[in-house]
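See structure below.
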Protein chains: 2
Amino acid sequence: MSQPDPLQLTRTVLERVAKAPDPRFRVLMTTLVTKLHEFIREVDLTPEEWMAAIEFLTATGKTCTDKRQEFILLSDTLGASMQVVMLAQARASAAAPDGMQATPATEATVQGPYYWEGAPERELGSNIAEGVRGEPAYYHGRVTDVSGQPMAGVLLDVWSGDGEGVYDMQIEGQAEMLARARLRTDAEGRYSFWSIRPSYYPIPMDGPVGRMVSGIGQHPNRPGHIHFKVSAPGHVDITTHIFVANSPYIESDVVYGVRDSLIVEFQPHGPGRAPDGREMKTPYWTAEYDFRLSPARAT
Amino acid sequence: MSQPDPLQLTRTVLERVAKAPDPRFRVLMTTLVTKLHEFIREVDLTPEEWMAAIEFLTATGKTCTDKRQEFILLSDTLGASMQVVMLAQARASAAAPDGMQATPATEATVQGPYYWEGAPERELGSNIAEGVRGEPAYYHGRVTDVSGQPMAGVLLDVWSGDGEGVYDMQIEGQAEMLARARLRTDAEGRYSFWSIRPSYYPIPMDGPVGRMVSGIGQHPNRPGHIHFKVSAPGHVDITTHIFVANSPYIESDVVYGVRDSLIVEFQPHGPGRAPDGREMKTPYWTAEYDFRLSPARAT
């Protein structure tokens, strides 16, 4: 079919994708084509800008390796990843049985590119950051369901960078995990462990996404945070962070991951006896946070 | 800043990109973020679908080589390239001086991935497809401006696949150009050359874009066509095709490049004396097409 004008062209493409046999793919392609063509028309995209976009996407693909995912970084810095996270959590909450949702579940945030499956299982109270740079911090709290009932045996998969914002995966030749662990809550739903107080850090800026971030005049930093995946059978898993209150960039996270309910005041302490009885020779911090899990949709 | 809900997240990202120092980049990023977030929200994109999109884009990048541009193929098969072509031509026409546009310029279409700069300069009437598979065809016509005045010395950069739809660039080990030439119109604005009558052909289907095209149930073919870049000083260059009328897939070009005004009836002839006096021992075709160029915007 011939295309007499740009709007007719869009209609022709939409007629074509409307024939996709899979109904969900049909919805995705229809909306994608609609938005893509609207974008091109509304900005009156020039051939030179179109070619710059082709080159940007190609360079982004070429920057991806088994250790670096530049398209996820692109999605993160456009707020797209966080949008997907928020929609997923809204869907999961909507599915909770009526009346059970006394308090909302803990808010989710982006997973980020540094998750590493299979962290070592550690006892509650362990120091998961032996030999890692940074100021010690004692993390503790409880996991409950949304009605406030403590949940025993909940799995917490924890990871962070070091006190200077560097993850083990970013260290050349570092084959072993650092500042990562899997722990399970006790009979009262309690968890505790020692690690470091995490620092803010920049996303990788030497690729195409870094050039885009610079182009909008945005700094490249994420505020200090520690990652958690919290999971229990029959409940909606949560991938989230605890953010360090007053960390630089807490108001302007480059990947839009901050949610007020995830910001925790880390309390400073001088040397002495810590809450778990450990004798600390240096100053340290404590951070307390309680997680809440929603029931999963019945299948 | 914290994101209490998906719509506020979009507003926060828009506030951020609104700070881009370059005004055009600001417009592009603002519209891109708006459309991208609308897409995600309207389809309620799941984390699994988001990851499939990340993997699709990464594979598309990995498929690009110095001989293959999978992102251009993606743009082509989504109708995005043709949209950009049509907008560019509309802009160029809008810029023509009042009253000069007696007849519109020849319609443009996609350049496609097989343009090769520096084709050999040939005399009018030459056979540019010596040794190339396919049925001979004699191409001729005139180049005029939009008021109908013949234009002498206009450059025509011509290329096509062979009679089975294969371009020189696709042939393993083929280092020399085939079925390509640059010619210039004579004093009366006339051009003529011999080549072959081009066949329909499929786009490369062994990459991620091929999987997408299959997913919508679309065939992978382009109808038979020969490419022209027509250029003259003081005029708007045109990149276009002549399409073979009644070619298979003329109604459903996979890259949406067909425009009615570019479809030409190829006339069949038995062996004998051709219009240019050449004695043909085999049947051949003739194709006549006149190009019209718009004046360029004064700078």
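The values are calculated or read from the model by the stated rules, or taken from the named source; none is laboratory data. Being a predicted model, the structure only gives us computed values, none of them experimental. Please note: Cβ atoms are built from the backbone with ideal geometry, for glycine as well, and neighbour counts cover all protein chains shown. Just so you know, the surface numbers come from the protein's heavy atoms only, side chains and all, with ligands and any DNA or RNA stripped out. Shrake-Rupley method; radii C 1.70, N 1.55, O 1.52, S 1.80 Å.
Yes/no matrix, rows are residues, columns are (1) outside any helix (DSSP H, G or I); (2) facing chain B (nearest Cβ under 7 Å):
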{"site": "A:Thr34", "(1), (2)": "no, no"}
{"site": "A:Leu45", "(1), (2)": "yes, yes"}
{"site": "A:Trp50", "(1), (2)": "no, yes"}
{"site": "A:Ala59", "(1), (2)": "no, no"}
{"site": "A:Arg68", "(1), (2)": "yes, no"}
{"site": "A:Ser81", "(1), (2)": "no, no"}
{"site": "A:Val85", "(1), (2)": "no, no"}
{"site": "A:Ala90", "(1), (2)": "no, no"}
{"site": "A:Ser93", "(1), (2)": "no, no"}
Of the residues in the range B:13-27, those that are surrounded by fewer than 20 Cβ atoms within 10 Å (Cβ to Cβ), assigned to a helix (DSSP H, G or I) and not acidic (Asp, Glu) number 6
Just one of the numbered conditions (1) open to solvent by 20 Å² or more (accessible area, probe 1.4 Å); (2) modelled with pLDDT of 95 or more is not true of B:Val213; which one?
-> (1)
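If the requirement is being at pLDDT 95 or above and open to solvent by 50 Å² or more (accessible area, probe 1.4 Å), which of these qualifies: A:Asn246, A:Asn221? Walk me through it before giving the result.
Details: A:Asn221 fails: open to solvent by 50 Å² or more (accessible area, probe 1.4 Å).
After ruling out the rest, the residue left standing is A:Asn246.
For the range A:149-168: of the residues being among the hydrophobic types (A, V, I, L, M, F, W, C) and open to solvent by less than 50 Å² (accessible area, probe 1.4 Å), which is nearest to A:Gly134 (Cα to Cα)?
Let us first name the residues in the range A:149-168 that are among the hydrophobic types (A, V, I, L, M, F, W, C), namely A:151-152, A:154-156, A:158-159, A:166.
Subset that is open to solvent by less than 50 Å² (accessible area, probe 1.4 Å): A:151, A:154-156, A:158-159, A:166.
Values: A:Met151: 31, A:Val154: 28, A:Leu155: 25, A:Leu156: 22, A:Val158: 16, A:Trp159: 14, A:Val166: 11 Å.
So the residue we want is A:Val166.
Taking the conditions exactly as written (surrounded by fewer than 13 Cβ atoms within 10 Å (Cβ to Cβ) and without any contact (Cβ under 8 Å) to a residue 24 or more places away in the chain), does B:Glu121 satisfy them or not? First the steps, then the outcome.
Details: surrounded by fewer than 13 Cβ atoms within 10 Å (Cβ to Cβ): yes; without any contact (Cβ under 8 Å) to a residue 24 or more places away in the chain: no.
It is false that B:Glu121 is surrounded by fewer than 13 Cβ atoms within 10 Å (Cβ to Cβ) and without any contact (Cβ under 8 Å) to a residue 24 or more places away in the chain.
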Scan of the range B:158-169 for residues that are out of contact with any strand residue (DSSP E or B) (no Cβ under 6 Å at 6 or more places or on another chain) and touching a residue at least 60 places away in the same chain (Cβ under 8 Å), ordered by number = B:Met169
Going by the structure shown, is A:Tyr191 aromatic (Phe, Trp, Tyr) and open to solvent by 20 Å² or more (accessible area, probe 1.4 Å)?
-> no
Would you pick out the residues in the range A:251-268 that are facing another protein chain (nearest Cβ under 9 Å), open to solvent by 10 Å² or more (accessible area, probe 1.4 Å) and of a type outside the set (Lys, Arg)?
-> A:Glu251, A:Ser252, A:Asp260, A:Ser261, A:Ile263
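Would you call B:Gly112 at positive phi and either open to solvent by less than 70 Å² (accessible area, probe 1.4 Å) or assigned to a loop (DSSP other than H, G, I, E, B) (or both)? Break it down stepwise before answering.
On the way: at positive phi: yes; either open to solvent by less than 70 Å² (accessible area, probe 1.4 Å) or assigned to a loop (DSSP other than H, G, I, E, B) (or both): yes.
Yes; evaluated as a whole, the condition is true for this residue.
Provide a single number: the residues in the range A:170-208 that are part of a loop (DSSP other than H, G, I, E, B) and in contact (Cβ under 8 Å) with a residue 12 or more places away in the chain. Please lay out each step first, then the result.
Residues of the range A:170-208 that are part of a loop (DSSP other than H, G, I, E, B), as a first pass: A:171-179, A:185-189, A:197-200, A:203-207.
Add one more test, that the residue is in contact (Cβ under 8 Å) with a residue 12 or more places away in the chain, and what stays is A:177-179, A:185-189, A:197-200, A:203-205, A:207.
Of the residues in the range A:170-208, 16 are part of a loop (DSSP other than H, G, I, E, B) and in contact (Cβ under 8 Å) with a residue 12 or more places away in the chain.
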